[in-house]
Structures are given as C-alpha cells and as structure tokens.
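Trainee: Here it is, the structure in full.
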Amino acid sequence: MPEFCHLHCHTQYSLLDGASDIASMMDKALKDGQKGVALTDHGNMFGAFKFVSEANKRGLKPMIGCEFYLVEDRHKKSFSRANNEKDVRYHQLLLAKNKKGYENLTKLCSLGYIEGLYGKYPRIDKELLTQYSEGLIATSCCIGAEIPQTILHGNVEKAEKLLKWWLDLFGDDFYIELQRHRGLENIDQLGISQEDVNQTLLTFAQKHNIKVIATNDAHYIEEEDHAPHDILLCINTGSTIEDTSRFRFPSSDFYFKTQQEMNTLFKDVPESIANTMEIYDKIDQLELARDVLLPAFPLPKGFKTQDEYLRHLTFEGAKKRYGTITPEIEERLNFELKVIKESGYPGYFLIVQDFTHTARKMGVSVGPGRGSAAGSAVAYCNGITNIDPI
C-alpha cells in the first residue's frame, strides 16, 4: 500500500467552517502512521505557529499552506446588480515548499486582507500570484477552484487554457488534485459529478504530463463529527438545522481519512496516493519559533546576568515601596521573577524601568499603569507602574 499524507486540511482556524482541532488531527495522523500533515485553512494562516509546534511535539512534518480566495481583480469592491455582476471567488490551494515559499505565503495572506478584503473574504488575484510564486507549490484544488469550476460549467477548452497558465507559472510544482466525496453526483443540478470533473482532469494530466495527487477536503476529524460540523455551518450562515435551503456539506465524507481509506478510495489511481509523498519530500521542515530579540541591556559592575540585576533592583525597590518585605510579598516577587526569567524577559523589564525612570527625571509624564503591567509586583517595585497589585 503506497504511503499517503493529507495535503488539504482545514482546522478551527477556518473560521466557522473547519471543526478540526489541531492537536487531535496530529494525534490521528500519528496513530495512522502518517509522516506529516498540511495546514490549508481558508484565506489565513492563523493556526500556523500552533500547527508547527504540535507537529514537532509528535515528530511529524508540518506543511504550511493556505486555501486562498482567488478573484479576477482583488481591487474591485463594487458590483452592479443591474449588470448581474458578482464577486466570483475561486478556491486556490498553495503550499510553502521552503522558507522563501513561507515568506511569499504570508505576503499573499497579508495582501489578501490589506488590498483584497471584500466582506469577510480576503482575496488575491493572479497579479499577486505572479509576483509571489517563488517557493510555492500549487494544485488545481477542489471542486470550488477555477479549473474544476470551468470544467463543471462545460467549457473544457477554456479550462485547459487556464491549466496552462498555472503550469507555465509553477512548472513541476503544479499538481492536478483529485477529490472524491459522496453527495457530489449532480453538482448544482448541472448533471455533472465530481468524478466527471476528475476524469477531465486526468485527461489533462496525461496530455500535459502533470502529476496527480489525491486529497480529502478534511474539515473535521472523524466521520461522526459531521453533525457538530453541520451546526457550525448553521452558526456561520445564521440558519437552523431545519432550514432545507441552507448551505450544508453534501455528505459526511469531509473528514480526516486514514491511509487505508484513501488508498481504497483511489485504488484505480495509485500514483495519486504516492505523489502526496513526493510533495512531502519537496517541502522543507519549517521552524517558526524564534528567540525573543531585545537590545542588550548594559549591566553595572558586580552583576553577571540580567536576571540577577533585575532581582537586585526588584528587592531594593520593594524595600522602598513596602518598607518591610513580608513572606507574602517575597513569595509574589519570586514567582513573578521566575516567570519573567523562564520567558526570557528580564532584559525587557530592565529596559522599561530604565526609560520610565529617565522620563520622570526629564519631567515627562508617565502613567500609573496600563493593561496587565498594572498587575505586576515586579513592575511596581521597579517604578514602572504606580499601582500596588498586592
């Protein structure tokens, strides 16, 4: 049985659309013997940091991607009802192959919100894709994507021209994506099924020598999770379960399937399973965690570390603030100093106490405390705030 990994997955960060908890997804992947998982939430990368962290804990390779909303012109924000204009959005899956690809993925996500936001949809266009394609892997995506939608509406010739555009831009990093979900036997009452679209895509793949991959449009972990997911969709659309005309998924097939299930589903196209591991091999292991970078605070003579100096200033300040350092005060200060040290922030507190003291000496107004800082006894003892949290 060929190895398989999921390359099209939505988590709870596909807001009011995905119901997969990242940790649970990773646990199932690990239990099933999968080597890695891709994150492809709708229009954002909100879950990327947690996704990488949870994958690393389990020895899995995290593959970071996004299912973008693709439009003809991201700047167009008004549509004429009289002319029957609509904001036509296609889904488009992109995966970061390396560090440069990750940077371009984040750039596309940001510009989708900054320049392309319309309603709740962050949108990109092909102009942006042309600028930021380096280091990215693209697929023909799901039934809601540009090429499959064009096939679905009967324009196979146009679909092939569109495919050539993607192939020219991404070359060997462009893949035909196949999905098989129950309930899509007569899409939009057009008399065409998802499998009909797949067969046209397979014809394109053979004609243009493009590799195919199999994916499942995973929006929840187990098949039985389709019921709570359906409720989530009701919340999204402001509908009730009883509403027969509401938006819903066509079946309970949109879950995180096992390798065995995917191999069985695509037994007639085994290369589509094997090629998921080709993409797995192409993608570099990303590490998003970084050390806290702060200016080096100059230490006076007699102190070797920032933590040591902050502790000295804190307890000297406590004597001035409280007079007598009671066991309660000492316990509170030791607890906060421990957390500050473990978080790597002694230098930050030293820098802030330095400029707040200097500001007061210069006659610059300094507030009594703002936000969570006003709840810190260390900040109070160092003169950063003037509110006693104890």
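Trainee: Checking the condition crowded, with 22+ Cβ neighbours inside 10 Å, of a type outside the set (Phe, Trp, Tyr), in contact with a helix residue (DSSP H, G or I) (Cβ under 7 Å, 6 or more places away or on another chain) and closer than 18 Å to ALA145 by Cα, which residue from GLY43, GLY112 passes?
Mentor: GLY43
Trainee: Tell me, yes or no, whether segment 103-115 has at least one residue that is over 20 Å from PHE79 (Cβ atoms), hydroxyl-bearing (Ser, Thr, Tyr) and touching an Asp or Glu at 6+ places or on another chain (Cβ under 9 Å).
Mentor: Within segment 103-115, none of the residues are over 20 Å from PHE79 (Cβ atoms), hydroxyl-bearing (Ser, Thr, Tyr) and touching an Asp or Glu at 6+ places or on another chain (Cβ under 9 Å).
Trainee: Of all residues in segment 296-331, how many are in contact (Cβ under 8 Å) with a residue 60 or more places away in the chain and farther than 19 Å from ILE384 by Cα?
Mentor: Total meeting the criteria: 1.
Here is a yes/no grid of residues against (1) modelled with pLDDT under 95; (2) farther than 22 Å from LEU94 by Cβ; (3) assigned to a loop (DSSP other than H, G, I, E, B):
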position: ILE137; (1), (2), (3): no, no, no
position: CYS141; (1), (2), (3): no, no, yes
position: ILE151; (1), (2), (3): no, no, no
position: GLU157; (1), (2), (3): no, yes, no
position: GLU160; (1), (2), (3): no, no, no
position: PHE170; (1), (2), (3): no, no, no
position: LEU184; (1), (2), (3): no, yes, yes
position: VAL197; (1), (2), (3): no, no, no
position: PHE204; (1), (2), (3): no, no, no
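Trainee: Among the residues in segment 83-100, are any aromatic (Phe, Trp, Tyr) and either within 17 Å of the chain's Cα centre (by Cα) or surrounded by fewer than 18 Cβ atoms within 10 Å (Cβ to Cβ) (or both)? Give the steps one after another, and end with the answer.
Mentor: So in segment 83-100, the residues aromatic (Phe, Trp, Tyr) come out as 90.
Of the ones still in play, those that are also either within 17 Å of the chain's Cα centre (by Cα) or surrounded by fewer than 18 Cβ atoms within 10 Å (Cβ to Cβ) (or both) are none.
Scanning segment 83-100, I find no residue that is aromatic (Phe, Trp, Tyr) and either within 17 Å of the chain's Cα centre (by Cα) or surrounded by fewer than 18 Cβ atoms within 10 Å (Cβ to Cβ) (or both), so the answer is no.
Trainee: Would it be correct to say that ALA159 is in contact with a strand residue (DSSP E or B) (Cβ under 7 Å, 6 or more places away or on another chain) and either among the β-branched types (Val, Ile, Thr) or under 26 Å from LEU70 (Cα atoms) (or both)? First the steps, then the outcome.
Mentor: Working: in contact with a strand residue (DSSP E or B) (Cβ under 7 Å, 6 or more places away or on another chain): no; either among the β-branched types (Val, Ile, Thr) or under 26 Å from LEU70 (Cα atoms) (or both): yes.
The answer is no for ALA159.
Trainee: Restricting attention to segment 127-141, does a residue exist that is in contact with a Pro (Cβ under 8 Å, 6 or more places away or on another chain) and under 21 Å from LEU163 (Cα atoms)?
Mentor: Yes, the conditions are met somewhere in segment 127-141.
Trainee: Follow-up question, since we're still on this one. Answer with yes or no whether ILE325 is in contact with a Lys or Arg (Cβ under 8 Å, 6 or more places away or on another chain), outside the structural domain of ASP27 (by TED's automatic domain parsing) and not basic (Lys, Arg).
Mentor: So ILE325 passes the test.
Trainee: Would a scan of segment 354-372 turn up a residue that is in contact with a Pro (Cβ under 6 Å, 6 or more places away or on another chain), in a loop (DSSP other than H, G, I, E, B), surrounded by fewer than 17 Cβ atoms within 10 Å (Cβ to Cβ) and without any contact (Cβ under 8 Å) to a residue 24 or more places away in the chain?
Mentor: Checked segment 354-372: no residue is in contact with a Pro (Cβ under 6 Å, 6 or more places away or on another chain), in a loop (DSSP other than H, G, I, E, B), surrounded by fewer than 17 Cβ atoms within 10 Å (Cβ to Cβ) and without any contact (Cβ under 8 Å) to a residue 24 or more places away in the chain.
Trainee: OK, next. Any chance segment 50-58 includes a residue that's under 22 Å from GLU103 (Cβ atoms) and crowded, with 24+ Cβ neighbours inside 10 Å?
Mentor: Yes, that holds for at least one residue.
Trainee: Is it the case that some residue within segment 71-81 is of a type in the set (D, E, K, R) and under 14 Å from the mean Cα position of the chain (by Cα)? Quick ask: steps written out before the conclusion?
Mentor: Of segment 71-81, the ones of a type in the set (D, E, K, R) are 72-74, 76-77, 81.
Cutting the leftovers down to under 14 Å from the mean Cα position of the chain (by Cα) gives us none.
Within segment 71-81, none of the residues are of a type in the set (D, E, K, R) and under 14 Å from the mean Cα position of the chain (by Cα).
Trainee: Tally up the residues in segment 57-92 that are closer than 27 Å to GLY36 by Cα, part of a loop (DSSP other than H, G, I, E, B) and aliphatic (A, V, I, L, M), please. Write out each step before concluding.
Mentor: Taking segment 57-92 and keeping what is closer than 27 Å to GLY36 by Cα, we get 57-70, 90-92.
Narrowing further to those that are part of a loop (DSSP other than H, G, I, E, B): 58-60.
Going one step further and asking which of them are aliphatic (A, V, I, L, M), we end up with 60.
Result for segment 57-92: 1.
Trainee: Follow-up question, since we're still on this one. Of the residues ASP253, ASP268, only one is in contact (Cβ under 8 Å) with a residue 40 or more places away in the chain and not in a helix (DSSP H, G or I); which? Break it down stepwise before answering.
Mentor: On the way: ASP268 fails: in contact (Cβ under 8 Å) with a residue 40 or more places away in the chain.
Among ASP253, ASP268, only ASP253 is in contact (Cβ under 8 Å) with a residue 40 or more places away in the chain and not in a helix (DSSP H, G or I).
The values are calculated or read from the model by the stated rules, or taken from the named source; none is laboratory data. It should be emphasised that the depicted structure is a prediction, and the values quoted were computed from it without experimental measurement. Reconstructed Cβ throughout: ideal geometry from the backbone, glycine too, with neighbour counts over all protein chains shown.
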